[in-house]
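Data block below; observations after.
The values are calculated or read from the model by the stated rules, or taken from the named source; none is laboratory data. Since we're looking at a predicted model, the values are computed, not measured. Cβ sites come from the backbone with ideal geometry, for glycine too, and all protein chains shown count toward neighbours.
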Amino acid sequence: MTVNGSDDVLLVHGGTPLEGEIRVRGAKNLVPKAMVAALLGSAPSRLRNVPDIRDVRVVRGLLQLHGVTVRPGEEPGELILDPSHVESANVADIDAHAGSSRIPILFCGPLLHRLGHAFIPGLGGCDIGGRPIDFHFEVLRQFGARIEKRADGQYLEAPQRLRGTKIQLPYPSVGATEQVLLTAVLAEGVTELSNAAVEPEIEDLICVLQKMGAIIAMDTDRTIRITGVDSLGGYTHAALPDRLEAASWASAALATEGNIYVRGAQQRSMMTFLNTYRKVGGAFEIDDEGIRFWHPGSQLKSIALETDVHPGFQTDWQQPLVVALTQATGLSIIHETVYESRLGFTSALNQMGAHIQLYRECLGGSVCRFGQRNFLHSAVVSGPTKLQGADLVIPDLRGGFSYLIAALAAQGTSRVHGIDLINRGYENFMEKLVELGAKVELPGKALG
Ligand SMILES: CC(=O)N[C@H]1[C@@H](OP(=O)(O)OP(=O)(O)OC[C@H]2O[C@@H](n3ccc(=O)[nH]c3=O)[C@H](O)[C@@H]2O)O[C@H](CO)[C@@H](O)[C@@H]1O
Ligand SMILES: C=C(OP(=O)(O)O)C(=O)O
(Lines give C-alpha, C1' and ligand atoms only; values in the text may rest on other atoms or scores of the structure.)
(Ligands and ions follow the chains in the order given, each with its own letter.)
Protein backbone atom coordinates (compact mmCIF):
# COMPACT_ATOMS: atom_id res chain seq x y z
CA MET A 1 0.00 0.00 0.00
CA THR A 2 1.37 3.40 -0.88
CA VAL A 3 0.03 6.39 0.88
CA ASN A 4 1.60 9.77 0.78
CA GLY A 5 0.48 11.35 4.07
CA SER A 6 1.66 14.81 3.04
CA ASP A 7 -1.21 15.23 0.57
CA ASP A 8 -3.80 17.49 2.02
CA VAL A 9 -7.10 16.80 0.24
CA LEU A 10 -8.95 13.52 0.45
CA LEU A 11 -11.83 12.69 -1.87
CA VAL A 12 -14.40 10.63 0.00
CA HIS A 13 -17.14 8.82 -1.91
CA GLY A 14 -19.74 8.21 0.81
CA GLY A 15 -22.46 5.66 1.32
CA THR A 16 -20.39 2.53 1.95
CA PRO A 17 -20.53 0.94 5.43
CA LEU A 18 -17.09 0.58 7.03
CA GLU A 19 -16.46 -3.10 7.67
CA GLY A 20 -13.46 -5.07 8.83
CA GLU A 21 -10.72 -4.89 11.42
CA ILE A 22 -8.22 -2.25 12.42
CA ARG A 23 -5.78 -2.03 15.29
CA VAL A 24 -5.17 0.81 17.73
CA ARG A 25 -1.80 1.15 19.39
CA GLY A 26 -0.57 3.23 22.33
CA ALA A 27 -2.52 6.32 23.36
CA LYS A 28 -1.66 9.71 21.86
CA ASN A 29 -2.34 11.20 25.28
CA LEU A 30 0.08 8.88 27.07
CA VAL A 31 2.93 7.91 24.77
CA PRO A 32 4.54 11.38 24.30
CA LYS A 33 4.33 11.94 28.07
CA ALA A 34 5.95 8.60 28.86
CA MET A 35 8.70 9.66 26.45
CA VAL A 36 9.17 12.90 28.43
CA ALA A 37 9.30 10.86 31.66
CA ALA A 38 12.34 9.01 30.29
CA LEU A 39 14.25 12.32 30.69
CA LEU A 40 13.98 11.93 34.46
CA GLY A 41 15.84 8.60 34.53
CA SER A 42 19.51 7.82 34.96
CA ALA A 43 19.20 4.71 32.75
CA PRO A 44 17.57 3.92 29.37
CA SER A 45 13.84 3.30 29.09
CA ARG A 46 12.00 0.98 26.74
CA LEU A 47 8.54 2.05 25.58
CA ARG A 48 6.37 -0.41 23.63
CA ASN A 49 3.18 -0.03 21.60
CA VAL A 50 4.28 3.39 20.28
CA PRO A 51 2.13 4.64 17.37
CA ASP A 52 3.59 6.47 14.41
CA ILE A 53 1.81 9.79 14.89
CA ARG A 54 3.04 13.37 14.64
CA ASP A 55 2.92 14.13 18.39
CA VAL A 56 5.36 11.26 18.96
CA ARG A 57 7.69 12.58 16.26
CA VAL A 58 7.63 16.09 17.78
CA VAL A 59 8.60 14.79 21.23
CA ARG A 60 11.25 12.54 19.76
CA GLY A 61 12.78 15.59 18.05
CA LEU A 62 12.70 17.64 21.26
CA LEU A 63 14.26 14.84 23.31
CA GLN A 64 17.04 14.42 20.76
CA LEU A 65 17.75 18.17 20.86
CA HIS A 66 18.31 17.72 24.61
CA GLY A 67 20.82 14.91 24.15
CA VAL A 68 18.47 11.94 24.64
CA THR A 69 19.20 9.11 22.23
CA VAL A 70 15.97 7.75 20.79
CA ARG A 71 16.14 4.64 18.63
CA PRO A 72 13.77 1.87 17.58
CA GLY A 73 13.84 -1.30 19.67
CA GLU A 74 13.71 -4.84 18.33
CA GLU A 75 9.96 -5.19 18.03
CA PRO A 76 7.77 -2.92 15.86
CA GLY A 77 6.51 0.09 17.81
CA GLU A 78 9.27 -0.11 20.41
CA LEU A 79 11.44 2.88 21.33
CA ILE A 80 14.60 2.91 23.43
CA LEU A 81 15.21 6.27 25.07
CA ASP A 82 18.64 6.86 26.61
CA PRO A 83 18.93 9.99 28.79
CA SER A 84 22.55 9.41 29.88
CA HIS A 85 23.80 12.60 28.21
CA VAL A 86 21.10 15.21 28.72
CA GLU A 87 22.30 18.65 27.63
CA SER A 88 20.98 22.14 26.95
CA ALA A 89 19.45 22.65 23.54
CA ASN A 90 19.71 25.64 21.28
CA VAL A 91 16.67 27.89 21.79
CA ALA A 92 16.22 28.46 18.04
CA ASP A 93 16.19 24.69 17.45
CA ILE A 94 13.54 24.19 20.15
CA ASP A 95 11.57 27.10 18.77
CA ALA A 96 11.33 25.30 15.42
CA HIS A 97 8.78 23.08 17.23
CA ALA A 98 6.62 26.04 18.28
CA GLY A 99 2.93 25.45 17.65
CA SER A 100 3.39 21.74 16.95
CA SER A 101 1.82 20.14 20.02
CA ARG A 102 0.91 20.67 23.69
CA ILE A 103 3.54 18.30 25.03
CA PRO A 104 6.53 20.74 25.23
CA ILE A 105 5.01 22.29 28.39
CA LEU A 106 5.63 18.95 30.13
CA PHE A 107 9.39 19.25 29.61
CA CYS A 108 9.51 21.93 32.37
CA GLY A 109 9.92 19.76 35.47
CA PRO A 110 12.25 17.14 33.96
CA LEU A 111 14.53 19.78 32.40
CA LEU A 112 14.60 21.86 35.60
CA HIS A 113 15.69 18.72 37.48
CA ARG A 114 18.27 17.66 34.90
CA LEU A 115 19.67 21.04 33.81
CA GLY A 116 18.36 23.69 36.21
CA HIS A 117 16.79 25.59 33.32
CA ALA A 118 14.33 25.10 30.45
CA PHE A 119 13.00 26.91 27.41
CA ILE A 120 9.44 26.13 26.34
CA PRO A 121 8.25 27.26 22.89
CA GLY A 122 4.71 28.38 22.05
CA LEU A 123 2.32 25.43 22.33
CA GLY A 124 0.15 23.92 19.63
CA GLY A 125 -2.73 21.50 20.01
CA CYS A 126 -6.33 21.74 18.92
CA ASP A 127 -8.04 25.09 18.62
CA ILE A 128 -11.09 24.22 20.71
CA GLY A 129 -10.89 26.90 23.39
CA GLY A 130 -8.48 29.40 24.94
CA ARG A 131 -6.41 26.60 26.51
CA PRO A 132 -4.47 28.75 28.99
CA ILE A 133 -1.46 27.28 30.82
CA ASP A 134 -1.79 29.35 33.98
CA PHE A 135 -2.17 26.27 36.24
CA HIS A 136 1.11 24.88 34.91
CA PHE A 137 3.11 27.98 35.74
CA GLU A 138 1.40 28.46 39.08
CA VAL A 139 2.34 24.94 40.21
CA LEU A 140 5.90 25.26 38.89
CA ARG A 141 6.30 28.47 40.89
CA GLN A 142 5.05 26.62 43.95
CA PHE A 143 7.81 24.05 43.44
CA GLY A 144 10.33 26.93 43.43
CA ALA A 145 10.83 27.57 39.70
CA ARG A 146 11.36 31.07 38.29
CA ILE A 147 9.55 31.79 35.05
CA GLU A 148 10.07 34.59 32.57
CA LYS A 149 7.80 35.05 29.57
CA ARG A 150 9.58 36.48 26.51
CA ALA A 151 8.45 37.01 22.93
CA ASP A 152 9.67 33.59 21.72
CA GLY A 153 8.51 31.46 24.66
CA GLN A 154 8.90 30.77 28.37
CA TYR A 155 12.28 30.70 30.10
CA LEU A 156 12.42 28.80 33.38
CA GLU A 157 15.10 28.22 35.96
CA ALA A 158 15.42 26.40 39.27
CA PRO A 159 17.90 28.30 41.43
CA GLN A 160 17.97 25.29 43.79
CA ARG A 161 16.43 21.82 43.98
CA LEU A 162 12.66 22.07 43.54
CA ARG A 163 10.68 21.45 46.73
CA GLY A 164 7.53 19.39 47.26
CA THR A 165 4.45 21.46 47.94
CA LYS A 166 0.71 21.40 48.57
CA ILE A 167 -1.34 22.14 45.47
CA GLN A 168 -5.06 22.47 44.82
CA LEU A 169 -5.96 22.68 41.14
CA PRO A 170 -8.89 25.03 40.32
CA TYR A 171 -10.06 22.39 37.79
CA PRO A 172 -8.86 18.79 37.31
CA SER A 173 -6.62 19.62 34.35
CA VAL A 174 -4.96 16.64 32.70
CA GLY A 175 -1.85 18.56 31.66
CA ALA A 176 -1.42 20.36 34.99
CA THR A 177 -1.76 17.05 36.86
CA GLU A 178 0.96 15.57 34.65
CA GLN A 179 3.07 18.68 35.20
CA VAL A 180 2.86 18.09 38.95
CA LEU A 181 3.68 14.38 38.63
CA LEU A 182 6.69 14.91 36.36
CA THR A 183 8.02 17.62 38.68
CA ALA A 184 7.18 16.21 42.12
CA VAL A 185 8.82 12.80 41.64
CA LEU A 186 12.33 14.28 41.95
CA ALA A 187 11.44 17.28 44.16
CA GLU A 188 12.59 17.37 47.75
CA GLY A 189 9.92 16.10 50.16
CA VAL A 190 6.24 15.40 49.74
CA THR A 191 3.79 16.94 47.25
CA GLU A 192 0.07 16.72 47.85
CA LEU A 193 -2.08 17.44 44.81
CA SER A 194 -5.82 17.82 45.28
CA ASN A 195 -8.51 18.10 42.61
CA ALA A 196 -6.21 16.11 40.32
CA ALA A 197 -7.29 14.67 36.97
CA VAL A 198 -7.48 10.87 37.05
CA GLU A 199 -7.78 9.96 33.36
CA PRO A 200 -6.57 6.43 32.45
CA GLU A 201 -3.59 8.02 30.65
CA ILE A 202 -2.59 9.68 33.94
CA GLU A 203 -2.80 6.38 35.77
CA ASP A 204 -0.60 4.86 33.09
CA LEU A 205 1.92 7.69 33.47
CA ILE A 206 1.94 7.00 37.21
CA CYS A 207 2.67 3.34 36.42
CA VAL A 208 5.60 4.45 34.25
CA LEU A 209 6.95 6.69 37.02
CA GLN A 210 6.52 3.98 39.65
CA LYS A 211 8.54 1.60 37.46
CA MET A 212 11.27 4.25 37.43
CA GLY A 213 11.36 4.33 41.24
CA ALA A 214 8.84 7.07 42.09
CA ILE A 215 6.56 6.90 45.13
CA ILE A 216 3.04 8.00 44.18
CA ALA A 217 -0.21 7.27 46.04
CA MET A 218 -3.66 7.95 44.57
CA ASP A 219 -6.60 8.49 46.91
CA THR A 220 -10.20 8.01 45.87
CA ASP A 221 -10.98 11.74 46.23
CA ARG A 222 -8.78 13.09 43.39
CA THR A 223 -5.83 13.54 45.77
CA ILE A 224 -2.40 12.34 44.67
CA ARG A 225 0.56 12.21 47.08
CA ILE A 226 4.06 12.06 45.71
CA THR A 227 7.10 11.46 47.90
CA GLY A 228 10.12 12.87 46.11
CA VAL A 229 13.14 10.59 45.62
CA ASP A 230 16.77 11.48 44.84
CA SER A 231 17.05 9.60 41.57
CA LEU A 232 15.03 7.53 39.13
CA GLY A 233 16.01 4.68 36.82
CA GLY A 234 14.63 3.64 33.44
CA TYR A 235 11.40 1.75 32.71
CA THR A 236 10.04 -0.93 30.42
CA HIS A 237 6.41 -0.27 29.62
CA ALA A 238 3.74 -1.11 27.05
CA ALA A 239 1.60 1.99 26.56
CA LEU A 240 -2.12 1.65 27.22
CA PRO A 241 -4.13 1.55 23.98
CA ASP A 242 -5.74 4.66 22.56
CA ARG A 243 -9.32 4.76 23.88
CA LEU A 244 -9.97 7.98 21.95
CA GLU A 245 -9.03 6.52 18.60
CA ALA A 246 -11.00 3.35 19.43
CA ALA A 247 -14.12 5.42 20.14
CA SER A 248 -13.65 7.34 16.88
CA TRP A 249 -13.77 4.09 14.90
CA ALA A 250 -16.76 2.94 16.98
CA SER A 251 -18.60 6.14 16.00
CA ALA A 252 -17.61 5.60 12.37
CA ALA A 253 -19.15 2.09 12.49
CA LEU A 254 -22.40 3.56 13.84
CA ALA A 255 -22.65 6.50 11.44
CA THR A 256 -21.88 4.42 8.32
CA GLU A 257 -24.06 1.46 9.42
CA GLY A 258 -20.91 -0.61 9.50
CA ASN A 259 -19.16 -3.19 11.64
CA ILE A 260 -15.59 -2.65 12.87
CA TYR A 261 -13.45 -4.82 15.11
CA VAL A 262 -11.02 -2.52 16.93
CA ARG A 263 -8.12 -4.70 17.99
CA GLY A 264 -6.47 -3.23 21.08
CA ALA A 265 -9.59 -1.43 22.36
CA GLN A 266 -10.02 -2.02 26.09
CA GLN A 267 -13.27 -2.10 28.05
CA ARG A 268 -11.79 -0.75 31.29
CA SER A 269 -10.82 2.66 29.88
CA MET A 270 -13.96 2.93 27.71
CA MET A 271 -16.77 2.03 30.11
CA THR A 272 -18.46 5.41 29.99
CA PHE A 273 -18.27 5.51 26.20
CA LEU A 274 -19.66 1.96 25.96
CA ASN A 275 -22.65 2.83 28.16
CA THR A 276 -23.43 5.81 25.93
CA TYR A 277 -22.93 3.77 22.75
CA ARG A 278 -25.44 1.24 24.03
CA LYS A 279 -27.97 3.98 24.94
CA VAL A 280 -27.71 5.35 21.37
CA GLY A 281 -28.49 1.87 20.08
CA GLY A 282 -25.00 0.85 18.97
CA ALA A 283 -23.94 -2.76 19.50
CA PHE A 284 -20.58 -4.00 20.77
CA GLU A 285 -18.94 -7.22 21.84
CA ILE A 286 -15.83 -7.35 23.99
CA ASP A 287 -13.16 -10.03 23.94
CA ASP A 288 -9.63 -10.28 25.28
CA GLU A 289 -8.07 -8.71 22.20
CA GLY A 290 -10.42 -5.87 21.39
CA ILE A 291 -13.99 -4.71 20.87
CA ARG A 292 -16.31 -5.16 17.89
CA PHE A 293 -18.62 -2.20 17.25
CA TRP A 294 -21.56 -2.28 14.87
CA HIS A 295 -24.86 -0.75 13.83
CA PRO A 296 -27.50 -3.39 14.61
CA GLY A 297 -29.88 -2.23 11.87
CA SER A 298 -32.55 -0.75 14.15
CA GLN A 299 -33.18 2.99 14.55
CA LEU A 300 -30.61 4.86 16.61
CA LYS A 301 -31.93 6.66 19.71
CA SER A 302 -31.35 10.28 20.71
CA ILE A 303 -29.60 10.93 24.03
CA ALA A 304 -28.54 13.69 26.44
CA LEU A 305 -24.77 13.83 26.72
CA GLU A 306 -22.49 15.90 28.92
CA THR A 307 -18.73 15.80 28.52
CA ASP A 308 -16.66 15.83 31.70
CA VAL A 309 -13.38 14.85 33.27
CA HIS A 310 -12.81 11.13 33.88
CA PRO A 311 -14.77 9.06 34.79
CA GLY A 312 -17.26 11.21 32.85
CA PHE A 313 -17.74 11.19 29.09
CA GLN A 314 -14.40 12.23 27.57
CA THR A 315 -14.57 15.43 25.54
CA ASP A 316 -12.40 13.88 22.79
CA TRP A 317 -15.16 11.30 22.22
CA GLN A 318 -17.76 13.99 21.66
CA GLN A 319 -17.16 15.19 18.10
CA PRO A 320 -17.14 11.79 16.34
CA LEU A 321 -20.22 10.64 18.26
CA VAL A 322 -22.13 13.79 17.30
CA VAL A 323 -21.89 12.68 13.66
CA ALA A 324 -23.56 9.38 14.59
CA LEU A 325 -26.21 11.31 16.55
CA THR A 326 -27.27 13.09 13.35
CA GLN A 327 -28.60 9.64 12.38
CA ALA A 328 -30.53 9.10 15.64
CA THR A 329 -34.29 9.63 15.90
CA GLY A 330 -35.36 12.65 17.97
CA LEU A 331 -33.49 15.41 19.78
CA SER A 332 -30.06 14.77 21.27
CA ILE A 333 -28.63 17.30 23.72
CA ILE A 334 -24.88 17.85 24.00
CA HIS A 335 -23.35 19.88 26.83
CA GLU A 336 -19.59 20.38 26.34
CA THR A 337 -18.15 21.28 29.76
CA VAL A 338 -14.41 20.79 29.18
CA TYR A 339 -13.72 23.17 26.26
CA GLU A 340 -15.68 26.32 25.56
CA SER A 341 -15.40 26.17 21.73
CA ARG A 342 -15.62 22.52 20.77
CA LEU A 343 -18.88 22.63 18.86
CA GLY A 344 -17.93 24.97 16.00
CA PHE A 345 -17.28 21.95 13.79
CA THR A 346 -21.05 21.35 13.60
CA SER A 347 -21.64 24.22 11.12
CA ALA A 348 -20.09 22.10 8.35
CA LEU A 349 -22.30 19.16 9.35
CA ASN A 350 -25.32 21.48 8.93
CA GLN A 351 -24.09 22.33 5.42
CA MET A 352 -24.16 18.60 4.75
CA GLY A 353 -27.80 18.39 5.84
CA ALA A 354 -27.62 17.92 9.61
CA HIS A 355 -29.86 19.94 11.96
CA ILE A 356 -27.69 21.09 14.83
CA GLN A 357 -28.46 24.22 16.81
CA LEU A 358 -25.90 25.70 19.22
CA TYR A 359 -26.71 27.42 22.53
CA ARG A 360 -24.86 29.57 25.03
CA GLU A 361 -26.83 28.09 27.94
CA CYS A 362 -25.79 24.96 29.81
CA LEU A 363 -28.28 22.43 28.44
CA GLY A 364 -28.52 19.19 30.34
CA GLY A 365 -27.91 18.32 33.95
CA SER A 366 -25.43 20.79 35.36
CA VAL A 367 -24.17 24.36 35.15
CA CYS A 368 -20.56 24.48 33.99
CA ARG A 369 -17.72 27.07 33.96
CA PHE A 370 -18.90 28.37 30.58
CA GLY A 371 -22.53 28.95 31.55
CA GLN A 372 -22.86 32.73 31.78
CA ARG A 373 -19.91 33.52 29.53
CA ASN A 374 -21.23 33.72 26.01
CA PHE A 375 -19.74 30.49 24.69
CA LEU A 376 -21.74 28.32 22.28
CA HIS A 377 -21.04 25.16 24.24
CA SER A 378 -24.37 23.30 24.11
CA ALA A 379 -26.04 21.74 21.08
CA VAL A 380 -29.32 20.19 20.11
CA VAL A 381 -29.05 17.63 17.31
CA SER A 382 -32.29 16.82 15.56
CA GLY A 383 -32.35 13.59 13.57
CA PRO A 384 -32.23 11.53 11.60
CA THR A 385 -31.07 13.60 8.64
CA LYS A 386 -29.57 12.45 5.35
CA LEU A 387 -26.08 13.86 4.83
CA GLN A 388 -24.83 15.05 1.43
CA GLY A 389 -21.19 15.23 0.33
CA ALA A 390 -19.57 18.67 0.68
CA ASP A 391 -16.30 20.58 0.63
CA LEU A 392 -14.96 20.38 4.18
CA VAL A 393 -11.98 22.06 5.84
CA ILE A 394 -10.65 20.23 8.88
CA PRO A 395 -10.68 22.48 11.98
CA ASP A 396 -8.95 20.27 14.58
CA LEU A 397 -7.99 16.66 15.24
CA ARG A 398 -11.29 15.11 16.39
CA GLY A 399 -13.34 17.54 14.30
CA GLY A 400 -11.28 16.33 11.34
CA PHE A 401 -11.99 12.69 12.01
CA SER A 402 -15.65 13.61 12.45
CA TYR A 403 -15.67 15.18 9.00
CA LEU A 404 -14.25 11.96 7.58
CA ILE A 405 -17.04 10.00 9.27
CA ALA A 406 -19.67 12.44 8.00
CA ALA A 407 -18.27 12.25 4.47
CA LEU A 408 -18.26 8.45 4.63
CA ALA A 409 -21.87 8.39 5.85
CA ALA A 410 -23.03 10.95 3.26
CA GLN A 411 -24.45 10.45 -0.22
CA GLY A 412 -22.09 11.65 -2.94
CA THR A 413 -18.50 12.86 -2.88
CA SER A 414 -16.83 15.13 -0.33
CA ARG A 415 -13.51 16.92 -0.63
CA VAL A 416 -11.91 16.95 2.82
CA HIS A 417 -9.15 19.56 3.06
CA GLY A 418 -6.36 19.66 5.64
CA ILE A 419 -6.29 15.92 6.29
CA ASP A 420 -2.63 15.99 7.32
CA LEU A 421 -3.79 17.31 10.71
CA ILE A 422 -5.32 13.90 11.40
CA ASN A 423 -1.84 12.35 11.34
CA ARG A 424 -1.22 14.15 14.65
CA GLY A 425 -3.26 11.57 16.50
CA TYR A 426 -4.47 8.76 14.20
CA GLU A 427 -1.85 6.29 13.06
CA ASN A 428 -2.09 5.31 9.37
CA PHE A 429 -5.70 6.45 9.20
CA MET A 430 -5.85 6.37 5.42
CA GLU A 431 -4.59 2.79 5.24
CA LYS A 432 -7.14 1.85 7.89
CA LEU A 433 -9.96 3.52 5.93
CA VAL A 434 -8.98 1.58 2.82
CA GLU A 435 -8.81 -1.67 4.81
CA LEU A 436 -12.36 -1.02 6.04
CA GLY A 437 -13.62 -0.61 2.50
CA ALA A 438 -13.92 3.18 2.40
CA LYS A 439 -13.95 4.67 -1.09
CA VAL A 440 -11.32 7.37 -0.70
CA GLU A 441 -8.84 8.93 -3.11
CA LEU A 442 -5.87 11.19 -2.77
CA PRO A 443 -6.01 13.12 -6.04
CA GLY A 444 -3.13 11.89 -8.19
CA LYS A 445 -2.01 9.15 -5.78
CA ALA A 446 -2.64 5.42 -5.44
CA LEU A 447 -4.27 4.45 -2.13
CA GLY A 448 -4.09 0.72 -2.08
C1 LIG B 1 -2.11 15.92 24.85
C2 LIG B 1 -3.26 15.67 25.72
O3 LIG B 1 -3.22 14.85 26.62
N4 LIG B 1 -4.37 16.33 25.45
C5 LIG B 1 -5.56 16.05 26.22
C6 LIG B 1 -5.51 16.85 27.50
O7 LIG B 1 -5.36 18.21 27.13
P8 LIG B 1 -4.94 19.27 28.22
O9 LIG B 1 -4.03 18.63 29.22
O10 LIG B 1 -4.45 20.48 27.51
O11 LIG B 1 -6.35 19.58 28.87
P12 LIG B 1 -6.68 20.06 30.33
O13 LIG B 1 -7.30 18.94 31.09
O14 LIG B 1 -5.48 20.71 30.93
O15 LIG B 1 -7.77 21.17 30.05
C16 LIG B 1 -9.07 21.08 30.59
C17 LIG B 1 -9.61 22.45 30.86
O18 LIG B 1 -8.79 23.14 31.80
C19 LIG B 1 -8.43 24.42 31.32
N20 LIG B 1 -7.07 24.77 31.80
C21 LIG B 1 -6.07 23.85 31.67
C22 LIG B 1 -4.78 24.17 32.06
C23 LIG B 1 -4.52 25.46 32.62
O24 LIG B 1 -3.40 25.80 32.98
N25 LIG B 1 -5.57 26.33 32.72
C26 LIG B 1 -6.85 26.02 32.33
O27 LIG B 1 -7.76 26.85 32.45
C28 LIG B 1 -8.48 24.27 29.79
O29 LIG B 1 -8.64 25.52 29.15
C30 LIG B 1 -9.68 23.34 29.60
O31 LIG B 1 -10.87 24.10 29.63
O32 LIG B 1 -6.70 16.61 28.25
C33 LIG B 1 -7.90 17.01 27.57
C34 LIG B 1 -9.07 16.76 28.51
O35 LIG B 1 -9.22 15.40 28.72
C36 LIG B 1 -8.05 16.26 26.26
O37 LIG B 1 -9.13 16.84 25.56
C38 LIG B 1 -6.79 16.40 25.41
O39 LIG B 1 -6.86 15.49 24.33
C1 LIG C 1 -7.66 17.97 22.10
C2 LIG C 1 -6.87 16.97 21.72
O3 LIG C 1 -5.55 16.95 21.74
P4 LIG C 1 -4.45 18.08 22.11
O5 LIG C 1 -4.57 18.31 23.59
O6 LIG C 1 -3.17 17.42 21.76
O7 LIG C 1 -4.76 19.28 21.29
C8 LIG C 1 -7.41 15.68 21.25
O9 LIG C 1 -6.65 14.70 21.20
O10 LIG C 1 -8.59 15.62 20.90
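Take Ala176 and tell me if it is more than 16 Å from ligand 1 (Cβ to nearest atom) and in the same structural domain as Ser231 (by TED's automatic domain parsing). Walk me through how you get there before you give the answer.
Numbers: more than 16 Å from ligand 1 (Cβ to nearest atom): no; in the same structural domain as Ser231 (by TED's automatic domain parsing): yes.
Considered against the rule, which asks whether it is more than 16 Å from ligand 1 (Cβ to nearest atom) and in the same structural domain as Ser231 (by TED's automatic domain parsing), Ala176 comes out as no.
Among the residues examined, Glu78 does not qualify as farther than 20 Å from Lys211 by Cα and more than 16 Å from ligand 1 (Cβ to nearest atom).
For the stretch 155-199, the tally of residues that are in a loop (DSSP other than H, G, I, E, B) and either within 16 Å of ligand 2 (Cβ to nearest atom) or surrounded by fewer than 16 Cβ atoms within 10 Å (Cβ to Cβ) (or both) stands at 9.
Given the condition within 16 Å of ligand 2 (Cβ to nearest atom), in contact (Cβ under 8 Å) with a residue 24 or more places away in the chain and assigned to a loop (DSSP other than H, G, I, E, B), answer yes or no: does some residue in the stretch 288-305 qualify?
Start the filter on the stretch 288-305 by keeping residues that are within 16 Å of ligand 2 (Cβ to nearest atom), which leaves none.
There is no residue in the stretch 288-305 that is within 16 Å of ligand 2 (Cβ to nearest atom), in contact (Cβ under 8 Å) with a residue 24 or more places away in the chain and assigned to a loop (DSSP other than H, G, I, E, B).
Scanning the stretch 316-347 for residues that are touching a helix residue (DSSP H, G or I) at 6+ places or on another chain (Cβ under 9 Å) and more than 23 Å from Leu387 (Cβ to Cβ) gives Thr337, Val338, Tyr339.
Take the residues in the stretch 115-133 that are within 16 Å of ligand 2 (Cβ to nearest atom) and either in contact (Cβ under 8 Å) with a residue 40 or more places away in the chain or farther than 22 Å from Leu65 by Cβ (or both), then tell me which one is surrounded by the most Cβ atoms within 10 Å (Cβ to Cβ). Quick ask: steps written out before the conclusion?
Filtering the stretch 115-133 for residues within 16 Å of ligand 2 (Cβ to nearest atom) gives 120-133.
Going one step further and asking which of them are either in contact (Cβ under 8 Å) with a residue 40 or more places away in the chain or farther than 22 Å from Leu65 by Cβ (or both), we end up with 126-133.
Working: Cys126: 21, Asp127: 15, Ile128: 24, Gly129: 16, Gly130: 9, Arg131: 15, Pro132: 9, Ile133: 18.
The extreme case among them is Ile128.
Here is a check on your reading of the model: is Pro110 within 16 Å of ligand 2 (Cβ to nearest atom), part of a helix (DSSP H, G or I), of a type outside the set (A, V, I, L, M, F, W, C) and modelled with pLDDT of 95 or more? No; evaluated as a whole, the condition is false for this residue.
Scoring Phe135 on the criteria (1) outside any helix (DSSP H, G or I); (2) aromatic (Phe, Trp, Tyr); (3) within 11 Å of ligand 1 (Cβ to nearest atom) leaves a single failure, condition (1). Within the option set Phe401, Phe345, being without any contact (Cβ under 8 Å) to a residue 60 or more places away in the chain and either away from ligand 1 (no atom under 16 Å from the Cβ) or of a type in the set (A, V, I, L, M, F, W, C) (or both) holds for one residue only, Phe345. Taking the stretch 325-342 as the search range and keeping residues that are away from ligand 1 (no atom under 16 Å from the Cβ) and under 24 Å from Val367 (Cβ atoms), which one is surrounded by the most Cβ atoms within 10 Å (Cβ to Cβ)? This residue is Leu325.
Filtering the stretch 61-94 to residues that are charged (D, E, K, R) and more than 17 Å from His237 (Cα to Cα) leaves Glu87, Asp93.
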